[in-house]
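Right, one structure below, let's go through it.
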Amino acid sequence: MTPYLDLPPFSAADFAAVEDQVAALLHTTADVIVTQGEALLPLEAAIRGAAHPGSTALNIVTGPYGQTFGGWLRDCGANVVDLAVPFDTAVTAGQVAEALAAHPEVDFVSLVHAEAATGNTNPVAEIAAVVRAHGALLMLDAVASVAAEPLLTDAWGVDLCVIGGQKAMGGPAGVSAVSVSARAWERITANPAAPRRSYLSLLDWKERWTDAGRTVLPHAPAQLEMLALGACLDRIEADGLPAVIARHGAASAAVRAGVRALGTLAPFVPDDAHAAPVATTLRTPAGLDAAALAAELRRLDPTLPVQAGGGALAAGMLRVNHYGPAASPETVRATLTALATATGTDATSALKAAEAAWEAVGPSFG
């Protein structure tokens, strides 16, 4: 017997109920479409639906996902203005305002809330206010931020908000969602280049599912992933979203404080205000290869959620993924202890600093 086979049917009502839970998590009354794939699916669908030849997009680049969005936007024929900042910092609303003033033709803005790959996070509320005042549409990648920090989709004026379940939500990677504002639907509906009869078509979902009353699913649902998404949403509701957010903030603060006390590595994002609560990235000193360090840490403890940075950052960045169940005192203690062992230092001061930082933000470190 296996719990993964011969399950009762997952009905249209079940599917709609999960969409409603996602809407509540995003603090939105806009349409929510749950997509049957990893979050790159709705991210690309949102861009290909809203961008078109002749449109001008401001693409804010604070990490690798912003770079990906720029490529998709150009593929759509949009004129793309990249606003790039160093990956160890955040973009500011002032920088966005300057870019929009220099390019008044911009009608679409793409932004990543938190970049887990680089460990930074951006001030969405302030940026969204600037974008809305300009009159442009805002697409937000909130895959790494949802359930790790505040995300007020409607209050901030986010038109397309994409999330995935696999990070702070502690859920599955094979299902994702996007909320679509009325302004965004107008834009996508008016776009003759928007995908139709395609897995990337948001309009197909709107017409065949949302506007049709959500009574008949357009295709068979990914049942296991939908059950897992519903379960992680139930768990967030039971724990309380503020408590889940506080736990991620405490994990970030504790790892950063502990690493500083160790003295051998340093936070890749030096300003605590710019640090993402979902993952902490660390800069390794000259002579200490991050990939080799990650391998040694996993040898010491195979359960540690650590990895080297990607691409050009692989040699000099170590990433600690303290999200979902790993946003815990146990993960923080185990990571700092292994780092101390791997670098030949004493963990005592690091653990004390981590405990103090955790308890300043969250519940007991005990």
- Phi to ³J(HN,Hα) by Karplus 6.51 cos²θ - 1.76 cosθ + 1.60 over the range 223-231, Hz, x for Gly, Pro: 4, 4, 5, 5, 4, 5, 5, x, 5
- Task: Would you mind telling me the share, in percent, of accessible area of the chain contributed by carbon and sulfur at probe 1.4 angstrom?
- Result: 58 percent
- Report the relative contact order of the chain, percent, no decimals, based on alpha-carbon pairs under 8 angstrom and at least 6 residues apart. 18 percent
- Message: For the chain, set up a GNM with springs between Cα atoms under 10 Å and report which of 290, 155, 356 has the largest fluctuation.
- Response: 155
- Item | Length released on extending from residue 348 to residue 198, taking residue separation times 0.36 nm less the Cα-Cα span | 48.4 nm
- Stretched out fully, how many nm does the piece from residue 101 to residue 13 gain, at 0.36 nm a residue minus the Cα gap? 27.1 nm
- Item | Label assignment, semi-axes √(5λ) of the Cα gyration tensor in Å derived from the structure, set [x] 35, 26, 17; [y] 41, 26, 17; [z] 40, 20, 19 | [x]
- Note on the structure: On the formula 1/(1 + (r/R0)^6), with r taken between the Cβ atoms of residue 84 and residue 312 and R0 of 25 Å, the FRET efficiency rounded to 0.05 is 0.95
- Item | For the range 9-22, 3J(HN,Hα) per residue [Karplus equation, 6.51 cos²θ - 1.76 cosθ + 1.60, θ = phi - 60°, Hz, x = Gly/Pro] | x, 9, 7, 4, 5, 4, 4, 5, 5, 5, 4, 5, 5, 5
- Label-point gap, in nm, between residue 20 and residue 266 - each point 7 angstrom along Cα→Cβ: 5.2 nm
- Message: Order 27-34, 175-182, 11-18 from most to least packed using the mean count of other Cβ atoms within 10 Å.
- Response: 175-182, 27-34, 11-18
- Taking a ≥ b ≥ c as the square roots of the eigenvalues of the Cα gyration tensor, with a/c under 1.5 meaning rounded and otherwise prolate when a/b exceeds b/c and oblate if not, the range 226-366 is prolate
- Residue-normalised value, i.e. accessible area per residue, for the range 315-366 at 1.4 Å probe, in Å², stands at 40 Å²
- Kirkwood Rh over alpha-carbon pairs of the range 118-206 plugged into Stokes-Einstein at 25 °C, 0.890 mPa s gives a D in µm²/s of 172 µm²/s
- Item | Cα-centre dipole for the chain with unit charges at Cβ (Lys and Arg positive, Asp and Glu negative), debye to 20 | 420 debye
- Message: At 0.36 nm per residue, and after removing the present C-alpha to C-alpha distance, how many nm does the segment from residue 217 to residue 129 gain when stretched out fully?
- Response: 28.1 nm
- Message: Going by Cα centres, the range 134-205 and the range 306-366 are how many Å apart?
- Response: 32 Å
- Report the residue, chosen from 342, 168, 315, that carries the largest GNM mean-square fluctuation when the chain is represented by alpha-carbon nodes joined by springs under 10 Å. 342
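The values are calculated or read from the model by the stated rules, or taken from the named source; none is laboratory data. Computed from a predicted structure; not experimentally measured. Because the Cβ atoms are built from the backbone with ideal geometry, glycine has one as well, and the counts that use them run over all protein chains shown. Quick note on the areas: whole protein, heavy atoms, side chains included, nothing else; ligands and nucleic acids left out. Shrake-Rupley method; radii C 1.70, N 1.55, O 1.52, S 1.80 Å.
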